[in-house]
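So the structure is just underneath, and the comments pick up after that.
Since every read-out is calculated from the coordinates, none of them should be taken as a lab result. Keep in mind that this is a model prediction, so the values were computed, not measured. When we count neighbours, we look across all protein chains shown, and the Cβ atoms used for this are built from the backbone with ideal geometry, even at glycine.
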Amino acid sequence: MGTDASGTNGNISDRSSREWCDEALNRLNAGRPESALDAARHAADLDPGAEWAYRLISLAHERLGRDADAAPAAERAVRLAGGSWPARLRLASVLRRLPGRWRDAVEQAALAARFAPEEPGPEVALGDLALLRGDHAGAERAYRAALALDPGHPQARVNLGLSLLRWEPPRPHHDPAWPVDPRQTGRARRALEVWSRQVRLLTAVATLAIVGAALFLDWGAQAQLGGFALLVLLVPLTVRQARRVGVWSYVPAMLGRDPWLGAAAGSAAVSAVAFAAWLLLGAMPSVPPVLDPVWAGLAGVVVLGWPTLAAVRALAEAWRGRPLKALAEIGRVRTDTPPAQAERVARRDAVVTLWVVLARTWSVLVPLVGGALAVEPGAAVAALAVPYPMVRGYLRVRPRGDRWLAVATALVVLSALACALGGLSPALGLQEDRAAWAWRAGLGAMGAAVAVFAVRAARAWWRGGPGPWRSSLLMCDLPVGAEPSVALDSEVRQTFSYARSVVLSYGDSLGPRVAGAVASVTSSGELRVIMESEAWEAVEEDPRVAVFAADPLQRRFWVEVRGIALADADVLRVTPKQVLVGEFPGRHQRR
C-alpha cells in the first residue's frame, strides 16, 4: 500500500530551485533557449547540487549551437548524480557532436540503458549512434527494442524507417568514431570532389573540341597539341587540390565509406588516363583517323563517364533499402504533443520515400514495356501490377503539400493502364489505330512523369528546399535529458536521518538479497550507503537497488527508494529513480 511520491518537492530552497528548473523547461519547450539558460543558471545558483539544473543548462547550450559549452554542464550533472540515466543520456547527446568523443558517447548511452532498461530513450540513443555510423542493422535492432517498450515513440519510428531505407548521414565519408575533426575530412572530400569534377569536365570538353576540330575544320594536329597542353594543365590543378586534402591517411577509409565519392574520383582518374591514351594513339602515324574504333571507345569513356555515373547512381539510390517497409513505420507517427517536430520530419521523410518508390516503379515499368513492344505486346498486361505497391504506399501515408508527387504518381499509373490496354488490344478487338494511341499515351505518360520529376527537382534547387531525392531525408533528433530529477521531501529525509536501521535490497546470481546498511542523505538528494562487502560485487553487476527505512518518530511510516547504486570510495551512492512511502498495517486501519 504505497503511494508514489517521486514528484514531490523538497524544502523551500529545493522548491525554489526546482521551480526555476520548471520555468527553464517551459522556456525550452517554447523555443526560447537563451531565456531558458538564464532560468537554469538561476536554479543552479540556488542549489549547486541540482543535477537537473545542469542538464537544462547543457540542453540550452545545445539548442543555441554551443556544443563545446554544453559538455561541461552535462559532465557536471553526471558527477552530481552518477546513477541518473537522464544525465548519462544528456552527456551522450553532447559528446557525439564533439570530435574524438564518439566512443565516450556510446559508453554513456550504454550506461543509461543499463540504469533504465525500462525506458525507451537510451535504446533510441544507441540506435541514433549506430545509424550515424552507417550500422543500419544495429540501428534497426535498437529502435525495435525501444518500440517494444514504447510503441508510440515518434523518434524511434522515424529513424527506424531511415534504417530500413539504408539512409546515409549528411557526412557519409566520415566515421564519427574517428578522432579527426569532421571539418578536416569535409575539406578533404570537397577537394576530391572539385578535382574529379574539374578533370571530368575539362577532358570531356577537350575531347569534343578535338573531335570537332578534326572533323569539321581539319585541325586535327593542332587540336591534339591543345589536348597535350590540357594534360600539362591538369598537373598543377591536381597538385593544388592534393594540398587541400590534408588528411591523406583517412582518404582510403573515406572512399570506402562513401562509394560514390570513390566512384567519382576513380572515374576522373580513368578519364584522364583514357584522354592521355587517346592523344598518344592519335599521335602515332600508324593509327587511323580520329573515328577509329579505339579512338571512339576512349572518347566515349571520357565524354560519357559523368552521365553514366549519374544514371547508375540514380538507379542504385532507387533500389537501395526497403522503402515500402520504411513507409509503414513512418506512417505510424501521429502526434499532436510537443514533439510536433517529429511529425514534421515524418511527413517530409514520407514524401521523399514515396519519390524513391515512384522512381523504382518507373524503372521497372520502362524495361517491361520496352520488352513487350520488342517481343510480345501482350506481355504488357503485367504492367497493371507494377504500380500497386506504389499506390498502396501512397494511400497509407496520404502525403500533404507536394502536388507534384500526386501528379507524377497519377502519370505512372496512367502509363501502366494505357500500355496494358495497348498490349491487350488484339484480345479486346480494338482497332489498330486505337491500340497505337494507347501505346502513345502510355509512353507519353512515362515521359511526362520524368518531366514532372525534373521540374520538381529544379524548383527545389531554385528555392533551396527539400527535393525528391535521398539527401532530403532527415533524421529525427529530439532533445534528451530534460526529465525532472526525483526529489526527496522533508519526511523522506527525516526518515533516513533518524531510522535505527536501513535495509538495502539488491540482486545477484542467487536472486534478490537483503543486507543491513547505514544511509545518509546528501543535499542533492543522493543516498550514501555503507554496506557489507559481499554485496559490492552484486551491485557492480546490477546497480539497480532499493533502500528501505522506517521512521522511529512516526512508527507506522515507511519509505522505499528505488534507484541506481554506484561505488564511490568506501560508500555506495544511490541516485533515486522512484520514491514510495506508506504506512505499516495496524489497528489504526481497522474499520
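Taking 10 °C and 1.306 mPa s as conditions, region 401-486 diffuses translationally at an estimated 99 µm²/s according to Stokes-Einstein applied to its Kirkwood radius (Cα pairs). When the Cα convex hull of region 49-101 is projected onto planes of every orientation, the mean area is 3.1 nm².
For region 62-207, the extents of the C-alpha atoms along the principal axes are 66, 33, 24 Å, listed from largest to smallest. When the Cα gyration tensor is reduced to axis lengths a ≥ b ≥ c, the ratio a/c is 1.5 or higher for region 17-138, and with a/b above b/c it is classed as prolate. Loop-located chymotrypsin sites (Phe, Trp or Tyr not before Pro) in region 219-252 (DSSP state not H, G, I, E or B) with no more than 10 neighbouring Cβ atoms inside 10 Å do not occur.
Using alpha carbons only, the radius of gyration of region 138-263 set against its Kirkwood radius gives Rg/Rh = 1.25.
From most to least packed by mean Cβ count within 10 Å, the peptides 440-451, 480-491 give 480-491, 440-451.
State the three equivalent ellipsoid semi-axes of region 438-482, derived from the C-alpha gyration tensor as the square roots of 5 times its eigenvalues, in descending order and whole Å. Intermediate values should be presented prior to the final figure.
Values: eigenvalues 260, 36, 6 Å².
Over the Cα atoms of region 438-482, the semi-axes work out to 36, 13, 5 Å.
Annotation for region 420-473 versus region 184-239: alpha-carbon center distance of 37 Å.
Shape class of region 356-505 from the alpha-carbon gyration tensor: prolate, with a/c at 1.5 or above and a/b greater than b/c.
Counting only Cα atoms, the size of the chain along its three principal axes is 110, 68, 49 Å, in decreasing order.
If packing is taken as the average number of other Cβ atoms within 10 Å across a peptide's residues, how do 229-242, 539-552, 37-50 rank, most packed first?
Numbers: 229-242: 13.5, 539-552: 18.8, 37-50: 20.4.
Highest-to-lowest ranking by the protection proxy: 37-50, 539-552, 229-242.
Under a 5 Å amide H to amide H cut-off, with H placed in plane at 1.01 Å, what residues pair with Gly507 once short-range neighbours are removed? Under 5 Å from the amide H of Gly507 lie the amide H atoms of Arg513, each far enough along the sequence or on another chain. For region 29-70, the convex hull drawn through the C-alpha positions has a volume of 58 cubic angstrom per residue. Listed values for region 446-458 are Karplus-derived 3J(HN,Hα) couplings in whole Hz (6.51 cos²θ - 1.76 cosθ + 1.60, θ = phi - 60°), namely 4, x, 5, 4, 5, 5, 4, 4, 5, 5, 4, 5, 5, and x replaces Gly and Pro. Phi angles of region 536-543 translate, via the Karplus equation with coefficients 6.51, -1.76, 1.60 and θ = phi - 60°, into HN-Hα couplings of 4, 5, 5, 5, 5, 6, 9, x Hz per residue; Gly and Pro are given as x. Gyration tensor over the Cα atoms of region 439-584: the corresponding equivalent ellipsoid has semi-axes (square roots of 5 times the eigenvalues, largest first) of 62, 18, 14 Å.
Remark on Leu474: its backbone amide H falls under 5 Å from those of Asp349, a criterion applied only to residues 5 or more positions apart or on other chains, H modelled at 1.01 Å from N.
Which peptide among 130-140, 409-419 comes first, and what is the full order, when sorted by highest mean count of other Cβ atoms within 10 Å? Mind dumping the intermediate values first?
Values: 130-140: 18.6, 409-419: 22.6.
So the peptides 130-140, 409-419, ranked by packing, come out 409-419, 130-140.
Principal-axis analysis of the Cα atoms of the chain puts helix 388-397 at an angle of about 40° to the longest axis. Where only DSSP H runs of four or more residues are counted, the chain gives -21000 deg cm²/dmol as its mean residue ellipticity at 222 nm, each run worth -39500 (n - 2.57). In whole percents, the pair-distance distribution calculated for region 160-229 from its alpha-carbon pairs, binned every 10 Å from zero, is 17, 26, 19, 16, 15, 6, 0.
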